Amino acid sequence: MSMRLEGRTALVTGSTSNIGRAIAEAFAAEGAHVVVSGRSAERGTEVVDGIRARGGRADFVRADLDGSAAASRQLAQEAAQVLGGRIDVLVNNAGIYPGDATAATDEPTFDLVYAVNVKAPFFLTAAVAPAMAEAGGGAIINLGSWVARLGIPVGALYSSTKGAMETLTRAWARSSGRGACG
């Protein structure tokens, strides 16, 4: 590896499995000190132990990103504390996919999917971006999906959340020159 992230810090949400785990492992392999985050302390510890066994730096911060600004702020504060006071890279990866057809989706499921997939990254970005701007920069990576543009037969709800994240990402990119995701 090139160690191009040596001396950098990263918070990766939803990194106790799948894509988030792979991102956390890759960042650590490149030298970043990574906060692995998710709901399961058992899975988080497993990821952290694996990173450390390969010589990387990682810590686990448990978080249930329920869409509330308070939960997002708490994760940002705890991660920054573990990372020595700063987050250089935020990866908004956590998400849920209910897999229900529109007619079978109830209101609580709708609200939960939007809370986790859109509100949580929105408020986490709001919590992290000002300190990044004050420190002279950083990177915020929002995971999207092709389903935002094409849709899937039993995934209209999930697809719409990915479309919302694409729109937020474009808006934040255009406003970031004016400071911290206008």
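No value in this document is a laboratory result; all are computed from the given coordinates. Keep in mind that what you see is a predicted model, and the values were worked out from it rather than measured. Note that each Cβ is placed from the backbone with ideal geometry, even for glycine, and that neighbours are counted across all protein chains shown.
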Spin-label pair Asp66/Glu42, simplified geometry with 7 Å Cα→Cβ offset, distance in nm
2.2
Gain in span if fully extended, Arg54 to Asp111, counting 0.36 nm per residue against the direct Cα distance
16.6 nm
Packing-ranked peptide list from 132-145, 157-170, 35-48, highest mean Cβ count within 10 angstrom first, is 35-48, 157-170, 132-145
Taking only complete DSSP H runs, can you tell me which helices of the chain stretch 18 Å or more along their own long axis by Cα positions and average at least 0.5 on the Kyte-Doolittle scale?
120-134
